[in-house]
Amino acid sequence: MRKIYVVGSINRDLVVYAEELPRAGETVFGNRFQQFPGGKGANQAVAARRLGGDVHLVGNVGADTLGNEMLEFLASENVDTS
């Protein structure tokens, strides 16, 4: 099987839900917060792996909790980040 290399972003999406969108200069309060794995590169790599590819992702993450969580997620999806 040929290797698939993906070069792209690796992000942790931080989502706040609110009842309405803020108007210019207005602050609104959120009522729910969630985090999701994301980034165009990471999303493509996971999709290609789920379709059976031998996927290697080239990108960059911070040396922090969010970066570690993304590396753990990619490893759980069998995406090679070495």
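Just a few scattered comments:
- Sequence-distant residues sharing a close amide H with Asp54 (under 5 Å, placed H): Ile4
- The chain, dipole about Cα centre (Lys/Arg Cβ +1, Asp/Glu Cβ -1), debye to the nearest 20: 360 debye
- Region 42-82 - Rg (one decimal) and Dmax (whole number), Cα, Å: 9.9, 30
- Each of Ser76, Ser9 has its accessible area taken with a 1.4 Å probe; listed largest first, they run Ser76, Ser9.
- Less than 5 angstrom separates the built amide H of Ser9 from those of Lys40, Gly41, Ala42, all sequence-distant by 5 or more or on a different chain.
- The helix-based estimate of mean residue ellipticity at 222 nm for the chain, built from -39,500 (n - 2.57) per DSSP H run of four or more residues and divided by its residue count, is -8500 deg cm²/dmol to the nearest 500.
- Remark: region 1-73 carries 74 Å² of accessible area per residue (probe radius 1.4 Å; ligands, DNA and RNA excluded).
- Between the alpha-carbon centres of region 1-44 and region 53-82 there is a gap of 16 Å.
- In Å², nearest 10: area of Asp13 left accessible to a 1.4 Å probe: 60 Å²
- For mean projected area of the Cα convex hull in nm², the value calculated from this model appears in (1) 5.7; (2) 6.5; (3) 7.1 under label (3).
- The simple spin-label model puts a point 7 Å past each Cα toward its Cβ; for Leu21 and Asp64 those points are separated by 2.7 nm.
- Fluctuation leader among Gly59, Gly25, Gly67 - the chain, Gaussian network, Cα springs under 10 angstrom: Gly25
- Vicinal HN-Hα couplings computed from phi for region 41-50 (Karplus, 6.51 cos²θ - 1.76 cosθ + 1.60; Hz; Gly/Pro x): x, 5, 4, 5, 5, 5, 4, 5, 5, 5
- With Cα atoms, 0 to 90° folded angle of helix 65-76 axis to the chain main axis: 40 degrees
- At most 14 other Cβ within 10 Å, DSSP loop - trypsin sites (Lys or Arg not before Pro), the chain: Arg2, Arg23
The values are calculated or read from the model by the stated rules, or taken from the named source; none is laboratory data. Just so we're clear, the structure is a prediction, and the values are computed from it rather than from any experiment. Ideal geometry is used to build each Cβ from the backbone, glycine not excepted, and the neighbour counts take in all protein chains shown. The protein model used for the area step is the full one, side chains on, heavy atoms only, and it has no ligands, DNA or RNA in it. Shrake-Rupley method; radii C 1.70, N 1.55, O 1.52, S 1.80 Å.
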